[in-house]
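Worksheet for the structure shown next.
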Amino acid sequence: MASTARTTNAAPEANPAPPAPTTPKAGSTPHPTRRSAAMKSGALLLIVPAVLFVAWAALAAMVDSLVFPGPLDAVTGLLSDLGSETFRTSALSTVRLLLISWALAAAIGGLLGFALGLSPFWAKVFQTPLFAFYSIPKVTLYPIFLLLLGVGEAGRIAFAFFHGVFPMALLVMGATASLDTKYLKLADALCLPWHVRLRSILLPALLPSVVTALRIAFGLTLLGLVLGEMFNSDIGLGRELIDNVSQVSVDRIAGQVLFIAGIALGPSLLLRWLERRTTSRYGTP
Amino acid sequence: MLSSEFVLSTQGLGHFISRAYNDFAFDDMYAGVLLVLVVATVINAVFGLLVARRMRRAG
């Protein structure tokens with residue numbers, strides 16, 4: 001068994017993948033080059049929003065219009081919203097439904113993509129319909145969701161899930177289908193149990209693509225949820241946005257856009273970091 | 001574009017579907033949805049064919 005495990009662990013290393021980054025030992029200081037690289041990437045990450053904020057403030061000052069608030073007005077509007085119990089309840093509702101929809105899209109899409117990708121025949125059969133569903137504007141189907149599931153949380157979760165599940169399934173299917181069959185044949189030859197195949201072959205090979213799929217599915221699920229809340233809901237950030245549009249509270253609209261962008265960007269950046277880490281460790285997706 | 005037509009427009013296919021839903025004109029609503037699906041699928045197929053032809057030419 002020991003020799004078996006050794007052989008399977010060696011299989012992914014046959015790829016000319018970049019060497020895995022070594023983690024610093026507890027208590028030791030990080031390598032100066034890596035620290036400076038991290039600081040550089042952190043500074044780059046801050047430069048873009050800073051430039052955008054300055055450009056926004058300059059544009060708002062130039063336009064000097066009530067319908068074009070500056071960043072300070074937006075932040076003031078957001079702080080005023082955050083002081084309201086209704087807004088906080090809406091924000092929490094959106095985050096809760098987002099997590100449920102994303103988890104469902106990730107689990108079902110991932111499993112579906114993996115199952116289809118294992119068979120070249122079924123991957124070819126389902127590729128076209130999955131791409132078709134991915135490319136259609138799903139907003140046009142929202143009335144059908146409302147008719148079938150009503151104006152409750154179920155309709156919003158299903159609509160958001162529908163946005164995220166197809167990219168998840170497609171990306172995982174593509175990654176599974178392009179898996180090097182030599183490793184699977186080797187696992188067959190060595191009669192490896194499923195958990196060893198999963199740990200030593202499938203997870204290292206699929207992880208970068210799965211993280212990419214999770215990141216893309218997250219953005220699209222959030223988009224679907226906010227759209228669903230905008231059209232027909234009594235609670236949620238989309239509903240709050242539409243309420244402020246009808247009241248022409250532009251500073252609050254801008255503040256809420258910032259808030260939604262924050263909800264979208266935080267996990268997206270975290271997943272992007274995870275994606276880079278897994279890609280550098282296990283190879284390109 | 002269709003999303004903006006759903007929320008903030010008085011014309012367009014998105015507005016047509018949204019208005020049909022609100023007026024309980026489900027025949028019109030499903031017709032609008034079907035039209036969008038057909039248009040999206042045809043455009044997708046055309047681009048797919050163009051890409052396939054381009055890739056065949058490139059070898």
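The values are calculated or read from the model by the stated rules, or taken from the named source; none is laboratory data. Note that the structure is a prediction, hence the values are computed from the model and not measured. Note that each Cβ is placed from the backbone with ideal geometry, even for glycine, and that neighbours are counted across all protein chains shown.
Summary of values
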| item | result |
| --- | --- |
| Selected residue (criterion: surrounded by the most Cβ atoms within 10 Å (Cβ to Cβ)) from residues of the stretch B:20-31 that are more than 7 Å from every other protein chain (Cβ to nearest Cβ) and under 12 Å from A:Thr140 (Cα atoms) | B:Ala20 |
| Test: A:Leu170 is closer than 30 Å to A:Gly228 by Cα, within 14 Å of another protein chain (Cβ to nearest Cβ) and surrounded by fewer than 17 Cβ atoms within 10 Å (Cβ to Cβ) | no |
| Subset of the stretch A:107-147 [among the aliphatic types (A, V, I, L, M), more than 12 Å from chain B (Cβ to nearest Cβ) and in contact (Cβ under 8 Å) with a residue 12 or more places away in the chain] | A:Ile108, A:Leu112, A:Leu116, A:Leu118, A:Ala123 |
| Answer residue from the stretch B:32-47, given it is more than 11 Å from the chain's Cα centre (by Cα) and at the interface with another protein chain (Cβ under 10 Å from one of its Cβ atoms) and is surrounded by the most Cβ atoms within 10 Å (Cβ to Cβ) among those | B:Ala45 |
| Residue in the stretch A:235-248 that is touching a residue at least 12 places away in the same chain (Cβ under 8 Å), in a loop (DSSP other than H, G, I, E, B) and closer than 20 Å to A:Phe159 by Cβ present | yes |
| B:Val51 being within 8 Å of chain A (Cβ to nearest Cβ) and either without any contact (Cβ under 8 Å) to a residue 24 or more places away in the chain or outside any loop (DSSP other than H, G, I, E, B) (or both) | no |
| Residue within the stretch A:153-166 that is surrounded by fewer than 18 Cβ atoms within 10 Å (Cβ to Cβ) and not in a helix (DSSP H, G or I) present | no |
| Out of A:Leu46, A:Leu98, sole residue that is at pLDDT 90 or above and not β-branched (Val, Ile, Thr) | A:Leu98 |
